[in-house]
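J.: The structure that follows is given in the form of structure tokens.
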Amino acid sequence: MQKDYRPIVGYALNAFPCETFADWWECLNTDVLEIKRRVFPDEKFPIELRFSERLIQELTPNRVVQLKNFFTANGLTLVTVNAFVMPHFHGAPVKERAYLPAWHESDARLNFTNRCVDLLAQLTTGGSVSVPFGALKPVTLAEVAPNILKAGEHAARQGCVLALEPEPGLCVETTAEVMEFFTRFVPERLRPHLGVNFDLAHQLVEFEDLPVSLELLRQHNIPVAKIHVSNAAEMSELKSFYADSIYLHQVTGCDASGRRVYFSLDWPAETPAGITRYRCHYHLPVFPSELESTLPEVEDFLRHLGRHSAPLIIETYTWPEQLRGRQHLVDNICRELNWVRSSLFRR
């Protein structure tokens, strides 16, 4: 490992409950600049911005220029955009709406994604746009492939990368399913512009070995556009866990051998038998806390990551739901950024 190697470590701003351009503009000028001052005083602060249907409608050409100039003047680097959830993301139930409209049902998801790619290309050079990798099962790979490939073609024309994001419950959720999709549907010419957003919590909920999964993607020539550094909940017995969350819980369970044998898209109505460990797709703090979580696996992954070109973007969007989270959002984000940066390559 060369001493001058410094991976990009940034933050996903969907942690902030912003839905309009006015919301984002205030957040950027206050909270985001405060994080920049405290964590990145002498370097650029890499950020991920969330695009929604409402925001892209409000991003007029003048506002695009306004944002671009603001990033340059204040040492912010827009490295990626999250276009996963088209409607609101805070303040009201999201649940299955996160995946709607689905890729295979109409061209609405394709058109929205292409518009997000266009806006990213206007705001910066390169970068990636992350989207759902498919739709909820039992939708098949073949059903979602046509529009995903069309979006990849559009990203190629704009010099961007479409970052497909596997998630528990989608038709592409495991690394094996990622490999199957790329093998069956993605031509080599599209590989530079059609990749994966490797979200640590998502793959940990699948009980995958993170380094093994990442190596499999490399061996199959599947680009990793970015890595979402996130931390899932873990528990030895099923107990109430943010049961009123506006997001799906996506609870999995493994047996005594460590094999995933159980899945519930939301919080289970009954306790299943034969489960020794549960994991829940709920992004917990990416730093040590009293909560049971997959943080040891996250820390081990960071320590042994090695040289990697994909940016590491911390994504803990659940702070507003967690106790005292909203009131201490900037403090929590700064703590996460410092912990992740200090954990990289530490033996």
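The values are calculated or read from the model by the stated rules, or taken from the named source; none is laboratory data. These numbers come from a predicted model, not from an experiment. Ideal geometry is used to build each Cβ from the backbone, glycine not excepted, and the neighbour counts take in all protein chains shown.
J.: For the structure I just gave you, tell me whether LEU120 is over 17 Å from the mean Cα position of the chain (by Cα) and aliphatic (A, V, I, L, M). Before the answer, list the steps.
T.: Values: over 17 Å from the mean Cα position of the chain (by Cα): no; aliphatic (A, V, I, L, M): yes.
For LEU120, the condition - over 17 Å from the mean Cα position of the chain (by Cα) and aliphatic (A, V, I, L, M) - is not met.
J.: Here's another thing I want to ask about it. For the range 236-256, enumerate the residues that are touching a Ser or Thr at 6+ places or on another chain (Cβ under 9 Å) and either farther than 26 Å from GLU96 by Cα or not small (Gly, Ala, Ser) (or both).
T.: Matches in the range 236-256: SER236, GLU237, LEU238, TYR242, TYR247, HIS249, GLN250, VAL251, THR252, CYS254, ASP255, ALA256.
J.: Given the options GLU270, GLU290, name the one that is free of Cβ contacts under 8 Å to residues at least 12 places away in the same chain, among the acidic types (Asp, Glu) and within 25 Å of ILE35 (Cα to Cα).
T.: Step by step, each of GLU270, GLU290 is checked, and only GLU290 is free of Cβ contacts under 8 Å to residues at least 12 places away in the same chain, among the acidic types (Asp, Glu) and within 25 Å of ILE35 (Cα to Cα).
J.: If you go through the range 292-341 one residue at a time, how many are farther than 26 Å from LYS239 by Cβ and among the small types (Gly, Ala, Ser)?
T.: The number of residues fulfilling the criteria is 3.
J.: Taking the range 1-44, which residues are hydrophobic (A, V, I, L, M, F, W, C), over 23 Å from VAL129 (Cβ atoms) and either at pLDDT below 95 or in contact with a His (Cβ under 6 Å, 6 or more places away or on another chain) (or both)?
T.: Listed by number, the list holds a single entry, MET1.
J.: Restricted to the range 223-247, and to residues that are surrounded by fewer than 23 Cβ atoms within 10 Å (Cβ to Cβ) and β-branched (Val, Ile, Thr), which residue is nearest to the chain's Cα centre (by Cα)?
T.: Checking each candidate, the answer is VAL224.
J.: Name the single residue, out of those in the range 115-139 being in contact with a His (Cβ under 7 Å, 6 or more places away or on another chain) and over 12 Å from GLY159 (Cα atoms), that is surrounded by the most Cβ atoms within 10 Å (Cβ to Cβ). Show your work before the answer.
T.: The initial filter retains those residues of the range 115-139 that are in contact with a His (Cβ under 7 Å, 6 or more places away or on another chain), namely 117, 135, 139.
With over 12 Å from GLY159 (Cα atoms) added as a condition, the list becomes 135, 139.
On the way: ALA135: 23, VAL139: 18.
By that ranking, first place goes to ALA135.
J.: Counting only residues that are part of a loop (DSSP other than H, G, I, E, B) and touching a strand residue (DSSP E or B) at 6+ places or on another chain (Cβ under 6 Å), which one in the range 248-267 is surrounded by the most Cβ atoms within 10 Å (Cβ to Cβ)? Walk me through how you get there before you give the answer.
T.: Quick first cut of the range 248-267, residues part of a loop (DSSP other than H, G, I, E, B) only: 248-250, 255-259, 265-267.
Still in the running and touching a strand residue (DSSP E or B) at 6+ places or on another chain (Cβ under 6 Å): 249-250, 255.
Details: HIS249: 21, GLN250: 24, ASP255: 13.
Looking at the filtered set, the residue picked out is GLN250.
J.: Among PHE89, PHE84, which is part of a loop (DSSP other than H, G, I, E, B), modelled with pLDDT of 95 or more and either surrounded by fewer than 18 Cβ atoms within 10 Å (Cβ to Cβ) or not aliphatic (A, V, I, L, M) (or both)?
T.: From the options PHE89, PHE84, the qualifying one is PHE84.
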